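Below is one structure, written out as structure tokens; comments come after it.
The values are calculated or read from the model by the stated rules, or taken from the named source; none is laboratory data. Keep in mind that what you see is a predicted model, and the values were worked out from it rather than measured. The accessibility values were calculated without ligands, DNA or RNA, using every heavy atom of the protein model including side chains. Shrake-Rupley method; radii C 1.70, N 1.55, O 1.52, S 1.80 Å.
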Amino acid sequence: MKWWIFICLMMMMNCVYGQEDHMPVNEDFFENIAEKEETVIFDDEEEYWRLADLKTFRINLNTANIDELREIPGITEQKILSFLNYRTHLGSLLSLYELQAVPGWDVEFIRQILPYVKVGKEDFAGWKNTLRGGMNQLLIKYVPALLKDGEPVGNYEGSSDKMLMRFRYKAGKTFQYGILAEKDAGEKIEFRNNKPGADFLSAHLFLRNAGNIKQLAIGDYHVNLGQGLIHWQSFSSLRSTEITSIKKHSEKIRPYSSAGEFNFHRGIAMQYALHDLQFLVFYSGRKLSSNIEGDSVTSFYTSGLHRTENEMEKRNRLGMQAMGWSAGFRKPGWGMNVNGVAYAFSKPLTKRNEPYQVFAIRDDKWRNFSADFYYTLKNLHVFAEFAIDKLLYQAHLTGAIISLHRNVDLSLLFRNISPGYRSLFSAAFTVNSEVNNETGIFMGYAVRPFQQIKLEGYFDLFHFPWVKFRVDLPSGGFEKMLKVTYRPERNTEWYIRINYRERIQNQLTDVLALPEIISQLSFRNHLSIDVSRYLAFSARTEHKTYKVHGIYNEEGFLAYIQGKIQLNDLPVNLRMRMQYHKTNGYNSRIYVYETENPGGGRAVGYYGEGFRLISDITIKFNINQHFTTRPKKIFFNISPGFTVHPKNENFKTNSVSIVNRIFPELRMNFYYEF
């Protein structure tokens, strides 16, 4: 049945067209995060707006330093060092065509980065003109409640509408400030002390490259240190077929303007540079939502949802002060840093007395220290971080990226994290969602045997020395992936991806929970074609099996076709996706990324059976006025859709009870740039 449905969808391709009118999004990245965290993951437009800013304020290759070059999408440390050596010996570039002469910079990579770079002189217009000639951005999102007999589950205090407002002023790459207000579905539009307002408010002010002050953040911000063993708050890569995914690289301080209500700092942070020396300090004081029993905190409440009386009682109950620092020395090709973070809480953290919580933090203060370094020699790049916590438990990881040939790249990463090691706001390259109790070795490869064909894959072997949640004995497993991409032309890409994972997890029986071997196998087939500047489509099928050895099996299938069109003489973009999914259990759910205009999106896991139709209509205006230096841009986007379930379906998904056959939805976005 499922194959006939997909064949019908494929036959409809000629009727659906489109143009890619948004920034490229690494859909696998968000789908992998959602599957790992077992929840819906919202992009929050962080990566979208970062790339949009790069397009507007391009990186000048003649003046860019190492940190600025690292912001170029897809660049490696080897390419950075090769370019810096070229620029040192031959001087500034006269044209972007000259990039073809840089060793290790192939035509495909140059074409990929052209929208984000430029050459020429960088004339500073002065602070007054820089701050005055900035760009204002206003984004408003609204998701109304359309359900009747399928209302959200629970006795919610507020309406089922969801709203978000984000304003940002940006003056080039030098200065920006912004505010955000957000209300989730079910939350009341009310501040504390019964004052009207949104459930969550965020604001930031950010300054770059003001003399020796490289970064200054006031308000809400992210801090990223080393390879994430002690502290990393921005989105970071997971295991993937991208060779560079094993290494984290980001600005150490980033302004925060997303709607997540937990993983950020609120206070002040500064990075100061003196020649080759760099220093970073930050301080944060804020309240965290948490579950409290007596005078102790049993867990953090990280969802950000405050819809019911029980959820509202958890809000901002724990005071936290966070302080940190980093000092480093950097030269072209190598660098090193020492880092430290410390926390003080208004109440002690106390986990429940479960075997997997033996090493949990049980204190009102915590601290971590680490040292990290990197070194590049020709086609070899190595990096490492070594960390300890307050109780002197240790963690370290070491990785290498090697270019054996212009068409052959390898990556290798070893990690060894003690069962007793604990850290807060960390995100290292691990299988576990928390950075503890794991050893493993990861090997990745990328081979291009022909110009049109690329083979990518990895093998990850891991072991957990101590018990885990839902695993009552030391365990381990492995994961392997192969992706074959065929690109006969610039506008056509077809890939197949095979992923197999094996691990151990408790399974309930009639008497007790027993550890069993679990295996997951998924096969994806994806095709995308840009027919012209105005027409494009993509199609995907994915099949997944979930097996508990000796107990039961589950299977899942998903297929969709998506088309986009930009009307030639009208400022209108259209996109439509038709999707069918069928699984015989929650464990065989399949995650897909759904784009939202003018930016961002979400990765959602689908299970059960349903047919889904979503559309996206975007109206875009560019208003050029003779008396203004910058044209105004206006986007209005509306995304209606619905999911149809069989009559015998009755389950809950994303906190919504599906007791009706048709599940309607509507999303509206307004964006104004001036």
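Some observations on this one:
- Hull volume in cubic angstrom per residue (convex hull over the Cα atoms of the stretch 256-320): 107 Å³
- For E157, the accessible surface of its heavy atoms amounts to roughly 80 Å² (probe 1.4 Å, protein chains only, rounded to the nearest 10).
- Heavy-atom accessible surface of the stretch 395-531: percent carbon and sulfur, 1.4 Å: 61 percent
- Across K287/K314; K55/K620; K170/K632; K390/K468; K170/K633; K79/K480, pairs whose alpha-carbon gap is larger than 20 Å: K390/K468; K79/K480
- Note on the stretch 209-268: Rg/Rh from Cα positions, Kirkwood definition for Rh, rounded to two decimals, is 1.02.
- Proportion of all alpha-carbon pairs of the stretch 268-358 beyond 17 Å (%): 64 percent
- Its residue count N fixes a reference of 2.2 N^0.38 Å for the stretch 461-526, and the Cα radius of gyration divided by that reference is 1.64.
- Angstrom value of the Kirkwood radius, inverse mean 1/r, which spans all Cα pairs in the stretch 386-456: 14.0 Å
- Phi-derived couplings, Karplus 6.51 cos²θ - 1.76 cosθ + 1.60 at θ = phi - 60°, listed residue by residue for the stretch 582-590: 8, 9, 9, x, 5, 5, 9, 4, 10 Hz, with x used for Gly and Pro.
- With 10 Å bins from 0: P(r) over the stretch 432-497, alpha-carbon pairs, percent: 18, 34, 21, 18, 9, 0
- Heavy atoms of I388: accessible area, 1.4 Å probe, square angstrom to 10: 60 Å²
- log₁₀ of I(q)/I(0) at q = 0.16, 0.24, 0.29 Å⁻¹ - the stretch 546-599, Debye sum with one point per alpha carbon: -0.65, -0.97, -1.14
- Most to least accessible of K564, K378 (protein chains only, probe 1.4 Å): K378, K564
- Kirkwood-Stokes translational diffusion coefficient of the stretch 183-302, alpha-carbon pairs, 4 °C, 1.567 mPa s, µm²/s: 77 µm²/s
- Phi angles across the stretch 378-391 convert, under the Karplus curve 6.51 cos²θ - 1.76 cosθ + 1.60 with θ = phi - 60°, into 3J(HN,Hα) values of 6, 9, 10, 10, 10, 8, 6, 9, 10, 9, 9, 10, 4, 8 Hz, Gly and Pro given as x.
- In the full protein context, the stretch 341-453 carries 49 Å² of accessible surface per residue, based on a 1.4 Å probe and ignoring ligands, DNA and RNA.
- Volume of the Cα convex hull of the stretch 335-393, divided per residue and given in Å³: 100 Å³
- For the stretch 347-465, projected area of the alpha-carbon convex hull averaged over all directions, nm²: 9.1 nm²
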